[in-house]
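The structure appears right after this line, and notes come after that.
Please treat every number below as a calculation from the coordinates, not as lab data. Since this is a predicted model, take the numbers as computed values, not measurements. Glycine also receives a Cβ, built like all others from the backbone with ideal geometry; neighbour counts cover every protein chain displayed.
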Amino acid sequence: MRISEYSRQTKETQISVKVNLDGTGIVRINTGIQYFNHLIKTLSTHSLIDFTIIAKGDLKHHLIEDVAICLGKALRKAIGEGKSINRFGYAIVPMDCSIAFTALDLVKRPYQKIDLQICGETVEDMQQEDIIHFLETFATSLQLNLHIWIKYGDNDHHKVEAAFKSLALSLKEAVRVNPRRMDVPSAKGVM
């Protein structure tokens, strides 16, 4: 099984993350930020990757940022060299009035292009800038080339949730083991 752990302790936060790429979407998390918990549960449920996240921190921003760092690094560690994985993933997900598109590449060249079309300063109990910062930091830590955009939508909650669902489905496809591939999915021989 492809399982890994990553921890980070600073003067601001104490974060511990465990992931299982071959899970069933079981998640254990309680950050004290309800919408953030919901988004991480959504990511786990639809990617079928199990997450256990223990997180304590002084400020919401620090906690969200450090969870993104640890989650990205734990996933990269579980992926390892990337032998036999698909590497690429993409998904289109509707959520009521919104539709989200995600395309990603686990190539180890971090890049993010994220356009969530959030209108308000907050979504539930999260600052919209913290939602975007989570995705950017997650992509950098995972060494992920990530493109997420919302085509349209009227409800910020639905836009963000659709984005996380499309991210989850894309990630599920990218980390999936392809029985026809015996090596790293790159003409260079390394990712």
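Things to note:
- Partners of Lys18 within straight-line reach, counting lysines whose Cα lies under 22 Å from its Cα and excluding those fewer than 8 residues away in the same chain: Lys41, Lys56, Lys60, Lys73, Lys77, Lys83, Lys108, Lys165, Lys172.
- Beta bridges by DSSP in the range 3-175, antiparallel share as percent, to the nearest 5: 80
- Förster radius 35 Å - calculated FRET efficiency between Gln128 and Asn178 (Cβ-Cβ, nearest 0.05): 0.45
- Ranking of Tyr35, Tyr111, Tyr152 by count of other Cβ atoms within 10 Å, fewest first: Tyr152, Tyr111, Tyr35
- Environment charge of Tyr6, counting only residues whose C-beta is closer than 12 Å and scoring Lys/Arg +1, Asp/Glu -1: +3
- Computed 3J(HN,Hα) for the range 100-105, one whole-Hz value per residue from the Karplus formula 6.51 cos²θ - 1.76 cosθ + 1.60 where θ = phi - 60°, is 10, 10, 9, 9, 9, 9, glycine and proline marked x.
- Simple point charges give the picture: +1 on the Cβ of Lys and Arg, -1 on the Cβ of Asp and Glu, and for the chain a dipole about the Cα centre of about 1080 debye.
- Put in line by how crowded their Cβ is, counting other Cβ atoms within 10 Å and starting with the fewest, Glu124, Glu81, Glu173 read Glu81, Glu124, Glu173.
- Alpha-carbon centroids, the range 115-181 and the range 37-90: separation in whole Å: 12
- GNM result for the chain, Cα springs below 10 Å: residue of Thr102, Thr140, Thr24 fluctuating most strongly: Thr24
- Residue of Glu12, Glu136, Glu65 that the Gaussian network model of the chain assigns the largest fluctuation, springs spanning Cα pairs under 10 Å: Glu12
- Equivalent-ellipsoid semi-axes of the range 85-136, from the Cα gyration tensor, Å, largest first: 24, 16, 8
- Going by neighbour counts of Cβ atoms within 10 Å, the residues Arg87, Arg176 line up, fewest first, as Arg176, Arg87.
- Hydrodynamic radius (Kirkwood) for the chain, which is based on Cα pairs only, to one decimal in Å: 16.5
- Residues in the range 157-174 carry Karplus couplings, in order, of 4, 5, 4, 5, 5, 4, 4, 5, 5, 5, 4, 4, 5, 5, 5, 4, 5, 5 Hz; the curve used is 6.51 cos²θ - 1.76 cosθ + 1.60 with θ = phi - 60°, and Gly or Pro positions show x.
- Selection from Ser141, Ser84, Phe164, by position along the positive dipole direction of the range 75-191 (Cβ): Ser84
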